[in-house]
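These notes concern the structure reproduced below.
Taken together, the values in this text are just the output of simple stated rules run on the coordinates, not laboratory data. Computed from a prediction, not measured in an experiment: that's the story for all the values here. Glycine also receives a Cβ, built like all others from the backbone with ideal geometry; neighbour counts cover every protein chain displayed.
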Amino acid sequence: MIDNEFLLQDRVQKIQQVISKYGEENFYISFSGGKDSTVLSSLIDIALPNNKIPRVYANTGIELNMIRDFVLEMQKQDDRIVIIKPNVPIKKMLEEEGYPFKSKEHSLYVSEYQRMGERSAYYDRYLFPESKRKRYECPKILRYQFTSDFRLKISKKCCDKLKKEPLNSWMKENNKYFTITGMRADEGGSRNNMSCFNLKNKKFNPLAVVNEIWEEWFISKYKIKICNIYKSPYNFKRTGCKGCPFAINLQETLDTLEKYFPNERKQCEIIWKPVYDEYRRIGYRLKPIEAESEDKE
């Protein structure tokens, strides 16, 4: 308990220090409606009572309905909640830019190969890495994507087009210079080495050093209202865009959607169909439809 209190005071002081130095009027919170950003918003309020920092939510059209409704309900009580939308429909964007596959890193490497072939700077590094980089090597099951026979257009740009670009436009229009995020380093991947405050990228990540255990303590101590999708019977651990192909536990997510929100499951199958078809064809992340049917019997 003492450690949790100590970390809370450390985060409060860090928030006060950074916001005071660069000016509250220059910040906004990238607000997803998920557990992390809800904790972040409450933590900011503890550190800076009566702050006017906007909480900006990008309604992409493929957020889980419960998350979207949670944000809409919050907006009725809190005029700092701002809702923006992307300018491009997701289906058209995916067809033009390419589909996400496996991870942002893998999608970047494949898209560069599709654009430049073996001249891509990532080709040798990803397919034939040095011994010290072997753990970053392309999985054998996906190496076929670095051939001319693989036709599905791949890209990591969906997050940029649906969230980052609309948020950047809103920032410019509203003269905001710093983004406050709810990202945590312990979530892994590219976040492993993230810093709490990055002046170059103008990103402030107050939760960078906390973990899920601390979050649960904070939620309990301050009776923070979070979206019910994180509670029984749904018990989601992560949310984000529904059915995102980047999700490692994608099959589990789709199974939960099928049980509780079948229409949203159908939406996922329509939006991500080319990726899901490929995942099932090669036996990666998703079971064949026939196997899913057998599991239900």
Mind giving me the nanometre distance, one decimal, between the label points for Glu290 and Glu95, set 7 Å out from Cα along Cα→Cβ?
3.1
Extend 7 Å from the Cα of Asn263 along its Cα-to-C-beta direction; within the stretch 59-89, residues with backbone N under 13 Å of that point are 65-66
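With r defined as the distance between the Cβ atoms of Lys231 and Tyr22 and R0 fixed at 45 Å, what FRET efficiency is calculated, to the nearest 0.05?
Working: r = 36 Å, r/R0 = 0.80.
My answer for the efficiency is 0.80.
Sort 58-64, 72-78 by packing, meaning the average of other beta carbons within 10 Å per residue, with the highest value first.
Working: 58-64: 20.0, 72-78: 12.7.
For the peptides 58-64, 72-78, the packing ranking is 58-64, 72-78.
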A student applying the Cα gyration tensor rule (rounded when a/c is under 1.5; otherwise prolate if a/b is larger than b/c, oblate if not) would label the stretch 147-250 oblate
Quick check for you: which residues of the stretch 36-68 have the amide N under 15 Å from the point 7 Å beyond the Cα of Ile84 toward its beta carbon?
54-61
Show which aspartates and glutamates lie in cross-link reach of Lys52 when reach means a straight Cα distance below 19 angstrom and same-chain residues fewer than eight apart are skipped.
Glu24, Glu25, Glu73, Asp78, Asp79, Glu173
